[in-house]
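Notes follow once the structure below has been shown.
The values are calculated or read from the model by the stated rules, or taken from the named source; none is laboratory data. Computed from a predicted model, the values in this text were never measured in an experiment. Positions of Cβ are generated from backbone atoms using ideal geometry, with glycine treated the same way; all protein chains shown enter the neighbour counts.
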Protein chains: 2
Amino acid sequence: MRTLIIDTLTKIGEKITVSGWINTRRDHGKIVFFDLRDRTGLLQIVIGPALAGGIRVEDVVSIVGTVSARPEKLINPKLATGSVELQAEAVTILSKSAELPFDMGQPQLEVELPTLLDNRSLTLRHPTSRAIFTVQAELAEAFRQSARSIGCTEIFPPTISASATEGGTEVLPIDYFGHSAFLVQSPQLYKQMLAGVFERVFVVTHIYRAEPSVTTRHLVESIQLDCEISFIDNFSDLLDAMETVYCQTIKQTQEKCTQQLELLGVAQSLVTNKVPRLRMREAQQIIFERTKVDHRTEPDLMPEDEREICLWAKELHQSDLVTITHFPTKKRAFYSLPDPENPEVSLSYDLLYKGLEISSGAQRVHNYQQLLDIMTSRGLNPDNFAMYLQSFKYGMPPHGGFSFGLERATMKLLDLDNIRKASLYPRDLERVDFRFSDSSK
Amino acid sequence: MRTLIIDTLTKIGEKITVSGWINTRRDHGKIVFFDLRDRTGLLQIVIGPALAGGIRVEDVVSIVGTVSARPEKLINPKLATGSVELQAEAVTILSKSAELPFDMGQPQLEVELPTLLDNRSLTLRHPTSRAIFTVQAELAEAFRQSARSIGCTEIFPPTISASATEGGTEVLPIDYFGHSAFLVQSPQLYKQMLAGVFERVFVVTHIYRAEPSVTTRHLVESIQLDCEISFIDNFSDLLDAMETVYCQTIKQTQEKCTQQLELLGVAQSLVTNKVPRLRMREAQQIIFERTKVDHRTEPDLMPEDEREICLWAKELHQSDLVTITHFPTKKRAFYSLPDPENPEVSLSYDLLYKGLEISSGAQRVHNYQQLLDIMTSRGLNPDNFAMYLQSFKYGMPPHGGFSFGLERATMKLLDLDNIRKASLYPRDLERVDFRFSDSSK
């Protein structure tokens, strides 16, 4: 019967079996120390050289031994189990490891990004890598819980679509039994259709964008978390729901993952109960006054504007989040609702987090004829959107929604310098597990 | 401020606003009755002909009115809100509907499957359709909760892969920046790699199988729910974990969805604490004794065998589930562990539910050299599996796992006659939202 490492603290004097990977091995003549690693932590093993034999790092073992308290002066305060160790009496090797290509035993994994990814099945085992994905799992779960708390039903829409729906970024084509089909760039159209069925829906799903360039913040395949809610009274209703979901998601993740944040040396994000809101033009005015750089006639915020207005929010509102609204209608997707008071701008928003957009959304056009007119004026063929338009033909309530990328949110929450570090097996222009060589074309 | 329909029960005498779709309209001369539908149910609206005007079925409206108790003899016991009604005083039309192509107001939606799917954005609104997907959402959530209860971490592996990994069923190719890539047929290899990182993992993800024929139980795109657990002591450990997860998932779903099961006229599944287990050869012997049909030398169970052994489990063990183990090694995927006591059979299983396989899995090969040998003997090129093999090269614990399709589980739980009814927007050989015409080739 296996004892998990974290449970050894309550087993002093008992003979137990622990199982895991050899994280480090230190030979001191007549005595050998292992740090054994399982999913709950590390445990110091004290073992004789004969018993330790040729066991090496990353070997998978089961060890029978007796738990003992460490002498006061040998307690390791950096380790959750630092007050105990195991006196090994028998070892079973479950699986041997080859020699590692680099040292995995340091507190930080000091390898370059290509090495990190070329050896992904190995490097993910490092405690700092595992911490990133423990936080990511909690982000997804916290999102689901907060989406449910505002009445959303979970949906499972398809990722294969018959038409390239949104334009803008590139799509990935697939050969579908000889028909042309595409991988969706977002669950946008399906979540709207299903908001016409369940009123409020959420989805955690895969999206695909054939980004033609390599950046630190884009992936070809990523996980998107989406909500769409119907029967909103106005744009404010939507922003309230959106900010509630994001604030709850970030707060809950930080609360559940204090250990991981500490291990990664990341400060808690500032999440207030009231996210500051600015219209895009107001944000540009504030930036102009702060920096004397005049972007007041630009049709969108530039990356440096996003960073500057986040500094403003942090300084003046103690908030790492800021909501920017009313982007020009022509800069947003066809389904964004033009502001009835000024159709040049749309009831759209971006949520910025530590200097970068992590979420965008809008109130949507819900009137069938208005939607047809907008599509036609943008050169879209309504026939290609027949299933989507069916929802509007048969009565669609006022609605709107929001979405964010799981990897980007993980990256920003943890101050990572590249989104690839927030994706288990990242897909980009150059890599599907391994970097493409010309011969793989 | 909108009141949800289910909350009208506690608002007798109050003036409120309700919003939703007109589910039915009945004109009785000087008085008109609407059934208004929102996500919480149906409510009878009493309204004058002038106010009712040209409002028709599926129009989206907000109605201001006063809630009144219905006279005893007019109480409708079939409706959750059958003891109240709303006396309408004002109506706002939020969105008009076109005339419906068929009647949506009956308790059962009497349309053929192609009509159901051609009008999917509309037909999903019917209460019986919504009930199916409420159950589906609960199945996924119950699975996550029970996977977490056995210590699994949620993972988000990719769906784009560089090699067609499993063979057998057909793969969907994609054009990946000029490189050849495929959509995964299962998260199998990635969940194993990640069981080498987190020990125990679960995933809810999209899978793709280019099924070349149209059947009632296969889809091209579906949702798969997977677990993989490390440091199992033996095959029994794995079966215990698998049966725990499935029994908890089905039980919790049935408990939370009693209303939906009632609406759909479905009996609760028989889920016992002890799922009967048989080796494949034992099952064939029992079937032979029961039916005199001799399949005792067949290398697999046939569909009629699955049905017969499920009858046996129900009759003798009061169980709608039965676990069949030890299928011939050559009939299972390369990563299935041959039984050390008899390598001709593998430590694999199928879980049968009401006559159909809903889950399969196995203990896996975890020894690097054994895995290489098996791959080579099956004609697989280890170079195509380099990232997968990396996990084994650097120490992989004994492990195994299980998986099931969300749509198939929904279909069986609800006794649906076609898996397409358990998929929001099903993808098959003939259809992506709409049935392909030759011109779409």
message: For region A:24-58, give me each residue that is under 26 Å from residue A:260 (Cβ atoms), part of a loop (DSSP other than H, G, I, E, B) and touching a Ser or Thr at 6+ places or on another chain (Cβ under 8 Å).
response: A:39, A:57, A:58
query: Is it true that residue B:264 is modelled with pLDDT of 95 or more, under 20 Å from residue B:407 (Cβ atoms) and assigned by TED's automatic domain parsing to the domain that holds residue B:354?
result: yes
message: Whether any residue in region B:168-177 is touching an Asp or Glu at 6+ places or on another chain (Cβ under 8 Å) and more than 7 Å from chain A (Cβ to nearest Cβ) is what I want to check.
response: yes
- prompt: What do you reckon, is residue A:272 at pLDDT below 95 and surrounded by 13 or more Cβ atoms within 10 Å (Cβ to Cβ)?
  reply: yes
query: What single numbered condition from (1) more than 11 Å from chain A (Cβ to nearest Cβ); (2) touching a residue at least 24 places away in the same chain (Cβ under 8 Å); (3) within 21 Å of residue B:202 (Cβ to Cβ) fails to hold for residue B:348?
result: (2)
task: Kindly list the number of the only condition in (1) within 24 Å of residue A:209 (Cβ to Cβ); (2) surrounded by 20 or more Cβ atoms within 10 Å (Cβ to Cβ); (3) of a type in the set (A, V, I, L, M, F, W, C) that fails for residue B:177.
output: (2)
query: So, of the residues in region A:212-238 that are within 12 Å of chain B (Cβ to nearest Cβ) and farther than 18 Å from residue A:359 by Cβ, which turns out to be farthest from the chain's Cα centre (by Cα)?
result: A:233
- prompt: modelled with pLDDT under 95 and more than 14 Å from chain B (Cβ to nearest Cβ), is that true of residue A:71?
  reply: yes
field: Of all residues in region A:9-41 being acidic (Asp, Glu) and more than 10 Å from every other protein chain (Cβ to nearest Cβ), the one that is farthest from residue A:123 (Cα to Cα)
entry: A:14
message: If a residue must be assigned to a loop (DSSP other than H, G, I, E, B) and under 16 Å from residue A:311 (Cα atoms), how many such residues does region A:269-292 contain?
response: 7
query: Any residue at all in region A:243-264 that is buried (at least 16 other Cβ atoms within 10 Å of the Cβ), charged (D, E, K, R) and closer than 28 Å to residue B:425 by Cβ?
result: no
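Per-residue answers, yes or no, for (1) crowded, with 18+ Cβ neighbours inside 10 Å; (2) among the hydroxyl-bearing types (Ser, Thr, Tyr):
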position	(1), (2)
B:322	yes, no
B:330	no, no
B:338	yes, no
B:349	yes, yes
B:361	yes, no
B:364	yes, no
B:371	yes, no
B:376	no, yes
- request: Give the residue that is surrounded by the fewest Cβ atoms within 10 Å (Cβ to Cβ), with candidates limited to residues of region B:391-439 that are within 11 Å of another protein chain (Cβ to nearest Cβ) and acidic (Asp, Glu).
  value: B:438
message: Based on this model, can you work out whether residue A:380 counts as out of contact with any Ser or Thr (no Cβ under 8 Å at 6 or more places or on another chain) and either under 23 Å from residue A:236 (Cα atoms) or part of a loop (DSSP other than H, G, I, E, B) (or both)?
response: yes
- line: Note: among A:100, A:94, A:124, A:113, just one is in contact (Cβ under 8 Å) with a residue 40 or more places away in the chain, under 26 Å from the mean Cα position of the chain (by Cα) and within 14 Å of another protein chain (Cβ to nearest Cβ), namely A:124
- request: Answer yes or no as to whether residue A:242 is within 7 Å of another protein chain (Cβ to nearest Cβ) and within 22 Å of residue A:349 (Cα to Cα).
  value: no
- line: Restricting region A:190-211 to residues that are more than 8 Å from chain B (Cβ to nearest Cβ) and out of contact with any strand residue (DSSP E or B) (no Cβ under 7 Å at 6 or more places or on another chain), the one nearest to residue B:120 (Cα to Cα) turns out to be A:209
- line: Being in contact with a strand residue (DSSP E or B) (Cβ under 7 Å, 6 or more places away or on another chain), more than 10 Å from every other protein chain (Cβ to nearest Cβ), surrounded by 21 or more Cβ atoms within 10 Å (Cβ to Cβ) and not charged (D, E, K, R) narrows B:158, B:187 down to just B:187
query: In this structure, is residue B:368 assigned by TED's automatic domain parsing to the domain that holds residue B:283, touching a residue at least 40 places away in the same chain (Cβ under 8 Å) and among the hydroxyl-bearing types (Ser, Thr, Tyr)?
result: no
- line: Of the conditions (1) more than 9 Å from chain A (Cβ to nearest Cβ); (2) closer than 19 Å to residue B:404 by Cβ, the single one that residue B:144 does not satisfy is (1)
- prompt: Is it true that residue B:85 is touching a residue at least 60 places away in the same chain (Cβ under 8 Å), in a strand (DSSP E or B) and away from chain A (no Cβ under 14 Å)?
  reply: no
- request: Taking residue B:120 as the residue in question, decide whether it is buried (at least 20 other Cβ atoms within 10 Å of the Cβ) and of a type in the set (Lys, Arg).
  value: yes
task: Could you please let me know if residue A:17 is in contact with a Lys or Arg (Cβ under 6 Å, 6 or more places away or on another chain), farther than 17 Å from residue A:99 by Cα and either in contact (Cβ under 8 Å) with a residue 24 or more places away in the chain or loosely packed, with under 14 Cβ neighbours inside 10 Å (or both)?
output: yes
query: Since residue B:375 meets every condition but one in (1) touching a Gly at 6+ places or on another chain (Cβ under 9 Å); (2) more than 14 Å from chain A (Cβ to nearest Cβ); (3) under 25 Å from residue A:432 (Cα atoms), which condition does it not meet?
result: (1)
field: Selection within region B:59-82 - in a strand (DSSP E or B) and in contact (Cβ under 8 Å) with a residue 60 or more places away in the chain
entry: B:62
message: Suppose the filter is among the aliphatic types (A, V, I, L, M), within 14 Å of chain A (Cβ to nearest Cβ), assigned to a helix (DSSP H, G or I) and farther than 23 Å from residue B:195 by Cα; does residue B:386 pass it?
response: no
message: Checking the condition of a type outside the set (Val, Ile, Thr), in contact (Cβ under 8 Å) with a residue 24 or more places away in the chain and over 21 Å from residue B:155 (Cα atoms), which residue from B:200, B:217 passes?
response: B:217
